[in-house]
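Handing you a structure now.
The values are calculated or read from the model by the stated rules, or taken from the named source; none is laboratory data. These numbers come from a predicted model, not from an experiment. Positions of Cβ are backbone-derived with ideal geometry, glycine not excepted, and every protein chain shown enters the neighbour counts.
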Number of protein chains: 2
Amino acid sequence: MKIINVGASVTASNDKDAALLREEMRARGQLMINLMSSPGSGKTTLLSRLIRDLSEVKIAVMEADIESAVDAERIEALGAKAIQVHTDGMCHMDAGMTRAAVEALDDDAAQLIFLENVGNLICPAEYDTGAGLNMMILSVPEGDDKPLKYPLMFEQSDALVISKTDALPYFAFDLEKCAERARKLNPQIRVFPVSAKTGEGMEDLEAWLLERLAAY
Amino acid sequence: MKIINVGASVTASNDKDAALLREEMRARGQLMINLMSSPGSGKTTLLSRLIRDLSEVKIAVMEADIESAVDAERIEALGAKAIQVHTDGMCHMDAGMTRAAVEALDDDAAQLIFLENVGNLICPAEYDTGAGLNMMILSVPEGDDKPLKYPLMFEQSDALVISKTDALPYFAFDLEKCAERARKLNPQIRVFPVSAKTGEGMEDLEAWLLERLAAY
């Protein structure tokens, strides 16, 4: 498994770089999904489930992290192509870093490429990575007040995946209130409550991903 | 309740500023505790419990956040002095920002002052705030692999509070393995598994805080 180190881009034109990367990937029929969340929200577990369920689609994964390669190793064990991206202490991925990661991944056959961004609800929301879709995960144990505290993340996301719904009986988490708070910030946001453990809700999310890939 | 806005300090000498703030507070008999964690790990719930349990100590709280005042409102409802600090989008508190917060708090009688840092396991670990103790919270649902992914946070912390232990039956979280991983990075780190909900483990944490305050 490849591990690459990327530092912050020197260019000041991140938005332009991101738009260019998006267009190049679209031309190759590749949909990149920027996956953002807090640490421990279950990004890698969700990805593992998607890889198993969507076996008709070629999926590759770029795991960005400060350190370690545990996530990429988990993904590779499922047979999907994965690389680990070390961000040199940076708390987010920008478009230049993402381009370096896509080049290191070097997989023109991949149709869905997930970028697992650094675990953090703040900085990743501030940088366009060049992804075709932004998807955030909020896990039930984190609490339904997060849209109030991290509005930019909810504003920037095309989809909100509410993960670990199997834990709903043990936490005071109001699904309806959380979805409502997210929609107040971003009326277009799609909300998918799921449990990657039990499979509950995964079908709707997977159908939406396939639909977006077909329309891309 | 006061809400203040602080931006990044202009000074390049954060370590010097932090040391000076620490000495000034020590001279006033005030122990500042820098509380760091992911979003949703239960920082405010833990603080609420500490305020109720440690009624013999005068506690004040500075809640740093990008937006909203929900945390400070929860603390004030318990009768403790609290201010909300908005970080102008910054993902951490530095010593200059913390000094501005301490001045805005304006409470010379407070003995324990908690700084609830921005919810994030990366950036807050990189800046000395001037606190006398660094305490991090890792909640059970986040997973026991976090020391592998965010080593600096564990290296910088005097204490690791493992929160939401009441959720242990529902998550694959190995307390011993997590503590071992943390101690490998930081042999001096104190580990306190607690549930602020049931009260389990709170006594040890509270005894340690009182001991550190007495020795300060």
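Looking only at segment B:181-216, how many residues end up being within 15 Å of B:SER139 (Cβ to Cβ), among the small types (Gly, Ala, Ser) and touching a residue at least 40 places away in the same chain (Cβ under 8 Å)?
1
What are the residues in segment B:103-119 that are within 14 Å of chain A (Cβ to nearest Cβ), more than 14 Å from A:SER38 (Cβ to Cβ) and of a type outside the set (D, E, K, R), if any?
Once the filter is applied, which keeps residues that are within 14 Å of chain A (Cβ to nearest Cβ), more than 14 Å from A:SER38 (Cβ to Cβ) and of a type outside the set (D, E, K, R), segment B:103-119 yields only B:ASN117.
Hey, among the residues in segment A:135-159 that are farther than 25 Å from A:GLY96 by Cα and acidic (Asp, Glu), which one's surrounded by the fewest Cβ atoms within 10 Å (Cβ to Cβ)?
Within segment A:135-159, the match that is surrounded by the fewest Cβ atoms within 10 Å (Cβ to Cβ) is A:ASP145.
Out of (1) surrounded by 14 or more Cβ atoms within 10 Å (Cβ to Cβ); (2) at pLDDT 95 or above; (3) in a helix (DSSP H, G or I), what's the single condition that is false for A:GLU23?
It fails just one condition, (1).
Another question about this same structure. With a cut-off of at least 1 residues that are more than 14 Å from every other protein chain (Cβ to nearest Cβ), name the helices (runs of 4 or more DSSP H) lying wholly within segment A:120-216.
Here the list reads A:175-185, A:202-215.
Among the residues in segment A:127-134, are any buried (at least 21 other Cβ atoms within 10 Å of the Cβ) and either without any contact (Cβ under 8 Å) to a residue 40 or more places away in the chain or within 17 Å of B:GLY119 (Cβ to Cβ) (or both)?
The answer is no, given that none of the residues of segment A:127-134 is buried (at least 21 other Cβ atoms within 10 Å of the Cβ) and either without any contact (Cβ under 8 Å) to a residue 40 or more places away in the chain or within 17 Å of B:GLY119 (Cβ to Cβ) (or both).
Every residue in segment A:49-93 that is at the interface with another protein chain (Cβ under 10 Å from one of its Cβ atoms), among the polar types (S, T, N, Q) and in contact (Cβ under 8 Å) with a residue 24 or more places away in the chain, please.
A:THR87
Okay, next question. Does segment B:124-139 contain at least one residue that is modelled with pLDDT of 95 or more, more than 25 Å from B:GLY29 (Cα to Cα) and of a type in the set (Ser, Thr, Tyr)?
yes
Testing A:GLU203 on (1) more than 15 Å from A:VAL161 (Cβ to Cβ); (2) loosely packed, with under 14 Cβ neighbours inside 10 Å, one condition comes back false. Which one is that?
For A:GLU203, the failing item is (1).
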